[in-house]
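Structure, as structure tokens:
The values are calculated or read from the model by the stated rules, or taken from the named source; none is laboratory data. Computed from a prediction, not measured in an experiment: that's the story for all the values here. Because the Cβ atoms are built from the backbone with ideal geometry, glycine has one as well, and the counts that use them run over all protein chains shown. Ligands, DNA and RNA are excluded from the accessible area calculation, which covers all protein heavy atoms including side chains. Shrake-Rupley method; radii C 1.70, N 1.55, O 1.52, S 1.80 Å.
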Amino acid sequence: MAEWHRVAALDELPPGTCREVVAGGRVVALFRVGDAVHAMDGVCPHAGGPLGQGTLTGCVVTCPWHGWQFDVTTGTHRLNARITHPVFPVKIEEGQVFVQV
């Protein structure tokens, strides 16, 4: 059953940045796009690269290892829509970021 996990304070994630956290024993990548925070599985499906250490441009993260790109709002690969990476629900309460995994 999925549970909510506190993973960061909102002010630790400035707009346009990403970071890697652990929630419920899973590596999760957090992305701040404007006022919204998005979360997805932090391990790139191509070769296990750390998506939370990638580059965020708008709502697209680029894996630092081999350049695979995903829309962080949907998990969809930018070149092949048949590849979708898991995303997780996010909520912000009293300045704290929670992810449901």
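Here is how the numbers come out for the structure above:
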read-out	value
Tally, over the range 61-100, of residues that are open to solvent by less than 30 Å² (accessible area, probe 1.4 Å), in a strand (DSSP E or B) and of a type in the set (A, V, I, L, M)	3
Within the range 38-59, tally of residues that are of a type in the set (Gly, Ala, Ser) and farther than 19 Å from GLY24 by Cα	4
Verdict on MET40 being modelled with pLDDT under 95, out of contact with any Leu (no Cβ under 6 Å at 6 or more places or on another chain) and either assigned to a loop (DSSP other than H, G, I, E, B) or surrounded by 14 or more Cβ atoms within 10 Å (Cβ to Cβ) (or both)	no
Test: residue in the range 15-29 that is more than 23 Å from GLU3 (Cβ to Cβ), of a type outside the set (Lys, Arg) and either touching a Ser or Thr at 6+ places or on another chain (Cβ under 7 Å) or open to solvent by less than 20 Å² (accessible area, probe 1.4 Å) (or both)	no
Test: residue in the range 44-59 that is assigned to a strand (DSSP E or B) and open to solvent by 60 Å² or more (accessible area, probe 1.4 Å)	yes
Considering residues of the range 19-69 that are under 17 Å from GLN96 (Cα atoms) and of a type in the set (Val, Ile, Thr) only, the residue nearest to the chain's Cα centre (by Cα)	VAL28
Yes/no for ALA2 being over 14 Å from the mean Cα position of the chain (by Cα), open to solvent by 40 Å² or more (accessible area, probe 1.4 Å) and not acidic (Asp, Glu)	yes
